[in-house]
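The values are calculated or read from the model by the stated rules, or taken from the named source; none is laboratory data. Because the structure is a prediction, the values reported are computed rather than measured. Quick reminder, even Gly has a Cβ in these numbers, built from the backbone with ideal geometry, and neighbours come from all protein chains shown. Surface accessibility is based on the protein's heavy atoms, side chains included, excluding ligands, DNA and RNA. Shrake-Rupley method; radii C 1.70, N 1.55, O 1.52, S 1.80 Å.
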Amino acid sequence: MTLVFALHAARQIDLQFLDQIEALLYDIRVRWTMPDVGDDRIVIVDIDERSLSAEGRWPWSRDKMAILTANLLGAQGAAVVGFDVVFAEADRSSGLETLRALGESRLKQSADFRRALKDLAPGLDYDARFAQQLASGKTVLGYYFTTADAHGSRHRAGALPAPVFAAEALDRRDNAFIHAAGYGANLPAFQSAAWASGHFNPAYDLDGVSRRVPLLIRYNGDGYEAFSLAVARAYLDVARIVAEPPVTSSAYSAIETLRIGTHRIPVDDNVTALVPYRGKKGTFRYVAATDVLRGKLPRDALKGKIVLVGTTAPGLLDLRSTPVSNVFPGVEINANMVAGILNQDIKQRPAYVAGMEVMTVLLLGTFLSLVLPLVGPVRAAALAAAVASIFVMANLAAWQHLDLVLPVSSTLLLVALVFGINSSYGFFVETRAKRTMTRRFGQYVPPELVDELSRHPDSWTMEGESRTMTILFSDVRDFTRLSEGLDPKELSQMMNEYLTAMTQIIHRHRGTIDKYIGDAIMAFWGAPLPDNQHAAHALAAAMEMQAALPELNQKLAARQWPTLRVGIGINTGTVSVGNMGSDFRRAYTVM
């Protein structure tokens, strides 16, 4: 079991159920340790249901988006405005295209129409107005990448920004980058007007939960940054991203950290970063987009803030499953990621963690496998619980103080399984031993002595030995004459009644039945378990046997059977006791 778990940790075999448990335990740690407090520097302008009811269905016209941008950058004084929205198509809602078509056809000869159109065109070119507002401050646009569909189609729409890493720089890295086949981006005019743009593709795990964000995605070999990374760069006013460690001549040259200015973001082998969720939906401050459009916020209410424009309206399909909620707005995932970059509290899962997991599994698994069989069940349970507790506390300490995400499922499950297997083995061995005891002594000694024998197997032996013991013989007086007056069936029934009653008394006084010799009973005290009171117990049994005869005789008389009289002889002395007999039959007896 230890070897199997170690091979899984080394990724030589795939135990998918362990990955599922690991994801579950990761989510539990996130929920237990998240601060439930947003970041005052980040505000979400929400295209919510109230805004859609007030302003009309989505998409809104670009003049409305221009007003929203102007209010955020102007009256509100936002430091950065990021749009978690793609503007991939031209806005024709103003009718400018229709007026231009008329000017080229039916009204081509009208000088007045041409003059009026020239005056009206700037106000009716909503896309140009929006692009002008985008260029008036630090704005960041979002776009998405796609993979090839089943038919090999590679969708391309809009204009991509310039890559943050050229292909030749990433070709020298050992990371398993996410590669894209197509994209859906913004119109070229918007792209050129914005300070930066970034993709908002999530990284979904096998269970469909969004725990990570790919900070770099490769398209045509080049590297493109995530939306949250672009927003953080804009806020910090950093033009360039640095990949660390630098490329060296060594065999290993994977990117482990992305740096913007003095801020470092740890990444895994896929150049994805764990989202540092700060709380459930609504942890960050939300402002309805309609309130910004209609000027209902106090002036400078968003001064110096990072404003992310996104949506929580279910119909706009930007809701995702996360460790903290099954329905979580995509824009708030980006808010958490930006906050994590700025606060430098993003958890990391570096490459060497796999080696640590292999060593931990091998050491603890081997230790428990060797030690647990040597201790009793209570100590084994205490040891397993102590090992698991120390491991969990160390794991949580690394999580809280070092921002390290160390694997927990394989080690914890291994501890539980090794303990369970050891306990099960001990239980079956003990049960088998108890069955052997019962089979050997169940007919001769009381049940409580059988239990005591099974609990203390070292206290007795089948080998012959010399002991001081007390032996009892009982005999029915004048049995020959009594037996001749009964038929065989009645004689058998009467003796069964008598022997059962006497045996119960002997057992009650911790005696061992040696044998029945016709009407006689032979019993002894002091074996197989030692009995310091063997003489007293034998005498007490003998007196109770005599005292029980009157009541037994009443039952026999009711069935027209003769009255029984019993003689009992007791002797204490040194005897040989053990498993004696011939090659054909043996019995545990005294001599």
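A few notes on this one:
- Scanning the range 280-309 for residues that are at positive phi and of a type in the set (Gly, Ala, Ser) returns Gly282, Gly295, Gly304.
- Qualifying residue in the range 198-206 (condition: at pLDDT below 95, more than 21 Å from Gly82 (Cα to Cα), within 35 Å of the chain's Cα centre (by Cα) and not charged (D, E, K, R)): yes
- Strands (runs of 3 or more DSSP E) completely within the range 501-591 that count 1 or more residues being open to solvent by less than 20 Å² (accessible area, probe 1.4 Å) and on the phi > 0 side of the Ramachandran plot: 566-581
- Annotation: of all residues in the range 1-56 being assigned to a loop (DSSP other than H, G, I, E, B), open to solvent by 30 Å² or more (accessible area, probe 1.4 Å) and β-branched (Val, Ile, Thr), the one that is nearest to Thr283 (Cα to Cα) is Val37.
- If you go through the range 42-93 and keep only what is of a type in the set (Ser, Thr, Tyr) and farther than 22 Å from Glu332 by Cβ, you end up with Ser61, Ser93.
- Hits in the range 255-294 (condition: under 28 Å from Ile67 (Cβ atoms) and touching a helix residue (DSSP H, G or I) at 6+ places or on another chain (Cβ under 7 Å)): Lys281, Phe284, Ala288, Ala289, Thr290, Val292, Leu293
- Residues satisfying the stated conditions in the range 323-332, i.e. under 21 Å from Leu396 (Cβ atoms) and either among the hydroxyl-bearing types (Ser, Thr, Tyr) or open to solvent by less than 10 Å² (accessible area, probe 1.4 Å) (or both): Pro323
- Asn395 being without any contact (Cβ under 8 Å) to a residue 60 or more places away in the chain, surrounded by 12 or more Cβ atoms within 10 Å (Cβ to Cβ), within 20 Å of Val275 (Cα to Cα) and not hydrophobic (A, V, I, L, M, F, W, C): yes
Yes or no, residue by residue, for (1) of a type in the set (Asp, Glu); (2) open to solvent by less than 30 Å² (accessible area, probe 1.4 Å); (3) free of Cβ contacts under 8 Å to residues at least 24 places away in the same chain:
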residue: Tyr219; (1), (2), (3): no, yes, no
residue: Leu229; (1), (2), (3): no, yes, no
residue: Ala239; (1), (2), (3): no, no, yes
residue: Ala243; (1), (2), (3): no, yes, no
residue: Glu256; (1), (2), (3): yes, no, no
residue: Thr262; (1), (2), (3): no, no, yes
residue: Pro266; (1), (2), (3): no, yes, no
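- Scanning the range 341-377 for residues that are closer than 13 Å to Arg211 by Cα and either among the charged types (D, E, K, R) or part of a helix (DSSP H, G or I) (or both) yields Lys347, Arg349.
- Among the residues of the range 444-466, the ones that are under 60 Å from the mean Cα position of the chain (by Cα) and either modelled with pLDDT of 80 or more or hydrophobic (A, V, I, L, M, F, W, C) (or both) come to 7 in all.
- Residue in the range 470-488 that is open to solvent by 20 Å² or more (accessible area, probe 1.4 Å), among the aromatic types (Phe, Trp, Tyr), without any contact (Cβ under 8 Å) to a residue 40 or more places away in the chain and within 20 Å of Val575 (Cβ to Cβ) present: no
- The residue that is farthest from Glu551 (Cα to Cα), among those in the range 472-515 that are charged (D, E, K, R) and in contact with a helix residue (DSSP H, G or I) (Cβ under 9 Å, 6 or more places away or on another chain), is Arg510.
- Failed criterion for Ala335 (all others in (1) surrounded by 22 or more Cβ atoms within 10 Å (Cβ to Cβ); (2) of a type in the set (A, V, I, L, M); (3) assigned to a loop (DSSP other than H, G, I, E, B) hold): (3)
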